[in-house]
Amino acid sequence: MPQFAANLTMLFTELPFLDRFDAAAQAGFDAVEFLFPYAYSAQDIRSRLDANGLELVLHNLPAGDWDAGERGIACHPERVAEFRQGVETAIRYAQALGVKQLNCLVGKAPAGVAPEVLRSTVVDNLRYAAKELKTAGLRLLIEPINTYDIPGFYLSRTAQALDLLDAVGADNAFVQYDVYHAQRMEGEIAATLSKHLPRIGHVQIADNPGRNEPGTGELNYRYLFAHLDRLGYTGWVGCEYKPATTTLAGLGWCHAISARSTEPATA
């Protein structure tokens, strides 16, 4: 069985953000992740991590005005200085919080910008971010996002992410592989994991349709978890799903899969 991290942006949302760390630990999680820490002091977050013995495995670079609908700015040619400032802010938080990798949401493509300009902007920004993160001892991740949930998102497929990483040419840059987004855009989850696992730095999960917990939709997560084990994946799996009811009620999937983990897995 993989090791699971609770995504505190999606789980335990019945509680204030800082109280979700306590709830995750009480539910049996050893690690957490979330989208952004920047609305809180690093000291307050670190105290919650330490008090609960939790490891923080991931957070994102600043992604513009999230509440206004922005989903990243790495593809915006006119906001390069803002992006670079965000990289520095993210590094400061990462060093304070002990996280080892940061995800870059590249954003929705701005209207009227030529495709070659969009791509060169993304590559240049990712190359800068990877260089700065490497100096700080951190890994950079980039995440394809499905364009049904976020129309116009620039990076939407695994092959595109790998192409961008080839252009960036950084040995500390990897794909963040979100199974939910990948299922919506391209399917072939097990085959993609088999083919590209060395270039995947982090895995996230949710079922489809609905983006709810594993076991509520079409994906055979018992098979996929066993497949990750067979492939030798040793990283964390982020639980970035929307509980169908409450977080605790929805955690039955983890207990059920754990209890059956010794049985042969079938597709």
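The values are calculated or read from the model by the stated rules, or taken from the named source; none is laboratory data. Because the structure is predicted, anything quoted here is derived from the model rather than measured. Here Cβ is always computed from backbone atoms with ideal geometry, including for glycine, and neighbour counts include all displayed protein chains. With ligands, DNA and RNA removed, areas are computed over all heavy atoms of the protein, side chains included. Shrake-Rupley method; radii C 1.70, N 1.55, O 1.52, S 1.80 Å.
From the list (1) 32; (2) 26; (3) 37, can you say which value of percent of Cα pairs over 30 Å apart was derived from the structure given?
Structure-derived value, by its label: (2).
Comparing Ala191, Ala23, Ala90, which has the greatest mean-square fluctuation in the GNM of the chain with Cα pairs linked when under 10 Å apart?
Ala191
Among Tyr154, Tyr241, Thr192, which residue has its Cα furthest toward the positive end of the charge dipole of the chain, with +1 on Lys/Arg Cβ and -1 on Asp/Glu Cβ?
Looking along the dipole axis, the top candidate is Thr192.
Using a 1.4 Å probe, how large is the accessible area of His255, given in Å² and rounded to the nearest 10?
About 120 Å², rounded to the nearest 10.
If you add up the charges near Tyr154, with Lys and Arg at +1 and Asp and Glu at -1, over every other residue whose beta carbon is less than 10 angstrom from its beta carbon, what do you get?
+3
Once you keep just the Cα pairs under 8 angstrom separated by 6 or more residues, what percentage relative contact order results for the stretch 32-170?
About 23 percent, as a whole number.
With the other protein chains left in place, how much accessible area per residue, in square angstrom, belongs to the chain at a 1.4 angstrom probe?
Result: 43 Å² of accessible area for each residue.
What number, in percent, do you get for the relative contact order of the stretch 140-185 if the mean sequence gap of Cα pairs under 8 Å and at least 6 apart is divided by its residue count?
For the stretch 140-185, the relative contact order is 53 percent.
Given Cβ point charges of +1 (Lys, Arg) and -1 (Asp, Glu) and nothing else, what value in debye, to the nearest 20, does the dipole of the stretch 112-267 about its Cα centre take?
Dipole magnitude for the stretch 112-267 comes out near 220 debye.
Once a ≥ b ≥ c are taken as the square roots of the eigenvalues of the Cα gyration tensor of the stretch 131-267, is the result rounded (a/c under 1.5), prolate (a/b larger than b/c) or oblate (a/b not larger than b/c)?
Prolate, since a/c reaches 1.5 and a/b exceeds b/c.
Give, as ranges by residue number, the residues of the stretch 1-29 whose backbone N falls under 18 Å from the point 7 Å along Cα→Cβ of Lys100.
So the set is 2-6.
Could you sort Asp44, Asp171 by accessible area so the largest value comes first, with the probe set to 1.4 Å?
Asp171, Asp44
Below 8 Å, C-alpha to C-alpha, sequence gap of six or more: please give me the relative contact order for the stretch 3-259 in percent.
Once normalised by length, the contact order is 18 percent.
Of the accessible area of the stretch 12-87, with the probe set at 1.4 angstrom, what percent is carbon plus sulfur?
45
What spacing in nm lies between the two simple spin-label points modelled at Ala256 and Thr234, each 7 Å away from Cα in the Cβ direction?
Modelled inter-label distance: 3.2 nm.
Note down the net charge around Ala5, summing +1 for each Lys or Arg and -1 for each Asp or Glu among other residues with Cβ under 12 Å from its Cβ.
Neighbour charge sum, excluding Ala5 itself: -4.
For the stretch 101-152, just say rounded, prolate or oblate: build the C-alpha gyration tensor, square-root its eigenvalues into a ≥ b ≥ c, call rounded for a/c under 1.5, and beyond that prolate if a/b exceeds b/c, oblate if not.
Oblate shape, in that a/c is at least 1.5 and b/c is the bigger or equal ratio.
Among the trypsin sites (Lys or Arg not before Pro) within the stretch 1-100, which fall in a DSSP loop and have no more than 16 other Cβ atoms within 10 Å of their own Cβ?
Filter output for the stretch 1-100: Lys100.
Computed FRET efficiency, Cβ-Cβ of Trp66 and Glu218, R0 22 Å: what is it to the nearest 0.05?
0.15
Rank these by accessible area, largest first, 1.4 Å probe: Trp236, Trp66.
Final ranking, largest accessible area leading: Trp66, Trp236.
Excluding Asp19 itself, what net charge comes from residues whose Cβ is under 12 Å from its Cβ, given Lys and Arg +1 and Asp and Glu -1?
Taking every Cβ under 12 Å from that of Asp19, the sum is -1.
With runs of 4+ DSSP H residues as the only contributors, calculate the mean residue ellipticity of the chain at 222 nm using -39,500 (n - 2.57) per run, divided by the residue total and rounded to the nearest 500.
-12000 deg cm²/dmol
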